[in-house]
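Single-structure report; data block below.
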Amino acid sequence: MRTFFLVLGLCLTPIVFSPPLRSAEKRPNILYIMADDHAAHAISAYGSKINKTPNIDRIAKGGMCFNNCFATNAICTPSRAAILTGKYAHLNGVPVFNRFDGSQPTLAKYLQAAGYHTGMIGKWHLGGEPTGFDYWNILPGQGLYHNPVFLTPDGRKKHTGYCTDLIADFSLDFLKNRPKDKPFFLMCHHKAPHRPWQPDEKHRKQWENVQVPEPDTFNDDYATRSDAAREATMRIDRDLTPGDLKQKPPAGLAGQKLKKWKYQRYMRDYLACVASVDDNVGRLLDYLDKNGLTENTLVIYTSDQGFFLGDHNWFDKRFMYEESLRMPFLARWPSAVKPGTVSDRIILNVDFAPTLLDAAGLKTPADMQGRSFLPLLKGEQPKDWRTAMYYRYYHYPMHHKVQPHYGIRTERYKLIYFNKINQWELFDLQKDQREMKNVYADPAYAETVKTLKAEMYRLKKELKDENQFEKKLPPDDVDARSKSK
């Protein structure tokens, strides 16, 4: 009898003491790498005609490339808040450059509570101090490219070196010194390639004599667009500053020749900054490979929104047009994601938090507005996946005078409403991929306009956008407060 109970006890023990399926050892590490203003069309995995990004491409080759990842508000600070909270600007409280309320729930806090070792390194740009991170080392405001100051809980410290290299150095230190009994979540946020573009000498020399191809829309005359396009002050020919160009134009240049010269100066420095980011992405990937971490680490490369690279004669972002709206999003997780795959489904920056929580075995909180696209990463095709996304931009007239607007993008169409000037734009992306012809007033699209407006207002209501910031925006103070620290 004693032997019987002993055997029975041994049989039951694995059942009683077996760990949960998603144990700390099985949950993926998460390395989230985000550049600032890195357009998808300056990444060779997205078919760039102007540069090569071999290390960023390693993520695409080993995982999935999303062709239709979009920002819900294409500007730095609001996008970062949306990524952390899984909420649109009108609910997370960050429609412009105002300070982020760090007391609210965030992706980092949920992962930290679930046992992840969390870190935030590089460009924060949300005002105040990061919360939910076991370790943070951030730039004040925009930070500097050369010999930058970084902020930690212990105060300010100036470092010698180039910012992109330093952010990678600190990220490697975080990985090396992490507790080995916990999965890690690291947000590695590069300053580059944010304006004004200041490459290090190595990469500047690589690009100094390169002739960068001009985009097809370089000479857009805005003939069919709203007044918003003509009012915006981010044109290559007239709005780049001496700080952007760094040298006086050659004597005698004017008109189209001067515009072309300015474009080359801008793009060479921009792409040199991108090249430095790519090199440092390679350093992080190499560390994972050498330390046996690759298989169970979800690596993401993205940007906080897109960027105009001379498209439509513009630099910067903000507008709902494709080059600004589209974010690169590459994800590699060898144990879960098939290498070399591509998705054309619409994903948003508010989806990032639910997706990473899902990957960690956590449910999406009820107040998050995004949706996990982990099923897409794993090759599934949910029948109820979204076919339209809602966008809203607020920041006017500061920084480039881009009119406030909101709109909807479907798989074929884009409808934009510039609400302060009461003007509309409609683009048929199937026939007009470059968005050169506004067909809003074309009678052939009357029914399409009606359908899109109904869907836009439906999404607006569903997302609880009640024009919370229509009359008064919070103070535009992220940079000012960060510099005062």
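Only the coordinates and a few stated rules stand behind these numbers; no lab work does. The shown structure was predicted, so the numbers you read here are calculated from the model rather than taken from an experiment. Here the Cβ is made from the backbone with ideal geometry for all residues, glycine too, and neighbour counts use every protein chain on show.
Details
- Among Tyr116, Tyr417, the ranking by other beta carbons within 10 Å of each residue's beta carbon, starting with the fewest, stands as Tyr417, Tyr116.
- Taking a sphere under 15 Å around the Cβ of Tyr406 and counting the other residues whose Cβ falls inside, with K and R at +1 and D and E at -1, yields a net charge of +4.
- Length gained when the stretch Ala223-Thr241 is fully extended (0.36 nm per residue, less Cα-Cα span): 3.9 nm
- Helix 163-177 and the longest principal axis of the Cα set of the chain meet at an angle near 10°.
- Both the radius of gyration and Dmax for the range 283-376 are 15.8, 46 Å, in that order, over alpha-carbon atoms.
- Amide H contacts of Ser343 (H built 1.01 Å from N, under 5 Å, at least 5 apart or other chain): Cys65, Phe66, Asn67
- Both the radius of gyration and Dmax for the range 420-461 are 11.2, 30 Å, in that order, over alpha-carbon atoms.
- Degrees, to the nearest 10: 255-290 long Cα axis against longest axis of the chain: 10 degrees
- Loop sites in the range 132-180: trypsin sites (Lys or Arg not before Pro), DSSP, at most 15 other Cβ within 10 Å: Lys180
- Percent of Cα pairs exceeding the 36 Å cut-off, where the set is the chain: 29 percent
- Stokes-Einstein D in µm²/s, Kirkwood radius over Cα pairs - the range 192-259 at 20 °C with 1.002 mPa s viscosity: 146 µm²/s
- Sequence of Trp424, Trp314, Trp261, Trp136 once ranked by neighbouring C-beta atoms within 10 Å, starting from the fewest: Trp261, Trp424, Trp136, Trp314
- When the Cα convex hull of the range 26-105 is projected onto planes of every orientation, the mean area is 7.0 nm².
- Residue separation of Ala444 and Thr341 scaled by 0.36 nm, minus their Cα-Cα distance, works out to 33.4 nm of gained length.
- Positive minus negative residues near Asn313 (Lys, Arg vs Asp, Glu; Cβ under 14 Å): -3
- In sequence order, calculated HN-Hα J values of the range 395-400 (Karplus, 6.51, -1.76, 1.60; Hz; x Gly/Pro): 6, 8, x, 4, 6, 5
- Under 15 Å, Cβ to Cβ, from Phe170 - net charge with Lys/Arg +1 and Asp/Glu -1: +3
- Taken over the alpha carbons of the range 227-320 as equal point scatterers, the Debye sum produces base-10 log I(q)/I(0) values at 0.11 Å⁻¹ of -0.49.
- Extension gain, Gln430-Val210: 0.36 nm per intervening residue step, less the Cα-Cα distance, totals 75.9 nm.
- Footprinting exposure proxy for Asp278, Asp181, Asp428 (fewest neighbouring C-beta atoms within 10 Å first): Asp181, Asp428, Asp278
- Translational D in µm²/s for the range 71-207 (Stokes-Einstein at 4 °C, 1.567 mPa s, Kirkwood Rh from C-alpha pairs): 82 µm²/s
- With the Kirkwood sum run over all distinct C-alpha pairs, the range 143-268 has a hydrodynamic radius of 18.2 Å.
- Rounded Å value of the spacing that divides the Cα centres of the range 320-378 and the range 140-183: 27 Å
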